[in-house]
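**Student:** Before I ask anything, let me first share the structure, which is written out below as structure tokens.
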Amino acid sequence: METLDALITRKSVRKYKKEQIKDAELEIILAAGGVAPIGMGDYASIHLTVIQNPEILERISSDVKAAAPGMKVDDPIFGAPTLIIVSSRPNERIPAIGGFNVSCIIQNMMIAATDIGVGSVFMLSTMMAFTDPLLVSKLKIPSGFKPLAAAAFGYSDEPAALKELKNTFETTYLR
């Protein structure tokens, strides 16, 4: 698939097949995250946690539902068989850089997933689950790292819809 095709094909998938993604596909997705631009080239400031354990995924889903009782979905991770949490070490000099880095990593992973036929969705709501110390200890996130965002991956149970490549933003040109 060409890059622009992956960009216009990618969508937030909210219904997944139960089948787990292949290990080779997971490695491609992780490698795509690894070539994302990282501020000051500090790749050691990032940690990825791959969750494919159904009990842990269910615990995360339950914790998110408990933290957000008004949520209108039965499963906040939409039945995705893989969740990748991206954590960052805080940077005192540039506090916001971790969030920027994590966003670039997740975007790369989601575009790569689309390219190989795997669906994805950016998961900010899962951060509500990481207030549970027992769950956080099960995730084995290294000391000093803070989970900032996650993305769910799996085979989509929804039809793909092509979008048109166009600038949809109000744009000011200063030429």
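The values are calculated or read from the model by the stated rules, or taken from the named source; none is laboratory data. These numbers come from a predicted model, not from an experiment. FYI the Cβ positions are ideal-geometry reconstructions off the backbone, even for glycines, and counts take in every protein chain you see.
**Student:** So PRO37 fits all but one of (1) surrounded by 15 or more Cβ atoms within 10 Å (Cβ to Cβ); (2) assigned to a loop (DSSP other than H, G, I, E, B); (3) modelled with pLDDT of 95 or more; what number is the exception?
**Tutor:** (1)
**Student:** Further question on the same structure: Pull out all pairs, ordered by first then second residue, where Cβ-Cβ is under 8 Å, the residues are six or more apart or on different chains, the first lies in segment 58-76 and is surrounded by 13 or more Cβ atoms within 10 Å (Cβ to Cβ), and the second is in a loop (DSSP other than H, G, I, E, B) and of a type in the set (A, V, I, L, M, F, W, C).
**Tutor:** ILE60/ILE77; SER61/ILE77; VAL64/MET71; VAL64/ILE77; LYS65/MET71; PRO76/ALA68
**Student:** Another question, if that's okay. For the condition at negative phi and at pLDDT 95 or above, what is the one hit in SER125, SER143, SER156?
**Tutor:** SER156
**Student:** So which residues in segment 22-34 are surrounded by fewer than 15 Cβ atoms within 10 Å (Cβ to Cβ) and within 24 Å of GLY98 (Cβ to Cβ), if there are any at all? So that I can check it myself, show each step before the final result.
**Tutor:** Of segment 22-34, the ones surrounded by fewer than 15 Cβ atoms within 10 Å (Cβ to Cβ) are 22-24, 27, 31, 34.
Answer for segment 22-34, where residues must be surrounded by fewer than 15 Cβ atoms within 10 Å (Cβ to Cβ) and within 24 Å of GLY98 (Cβ to Cβ): ALA31, GLY34.
**Student:** To continue, here is another question. Keeping to segment 109-133, report how many residues are surrounded by fewer than 21 Cβ atoms within 10 Å (Cβ to Cβ), polar (S, T, N, Q) and part of a strand (DSSP E or B).
**Tutor:** 0
**Student:** Which members of segment 1-34 meet the condition of being assigned to a helix (DSSP H, G or I) and of a type outside the set (A, V, I, L, M)?
**Tutor:** Within segment 1-34, THR3, ASP5, THR9, ASP23, GLU25, GLU27, GLY33, GLY34 meet the criteria.
**Student:** Ok, one more. Does at least one position in segment 7-21 carry a residue that is at pLDDT 95 or above, touching a helix residue (DSSP H, G or I) at 6+ places or on another chain (Cβ under 8 Å) and hydroxyl-bearing (Ser, Thr, Tyr)?
**Tutor:** No, segment 7-21 has no match at all.
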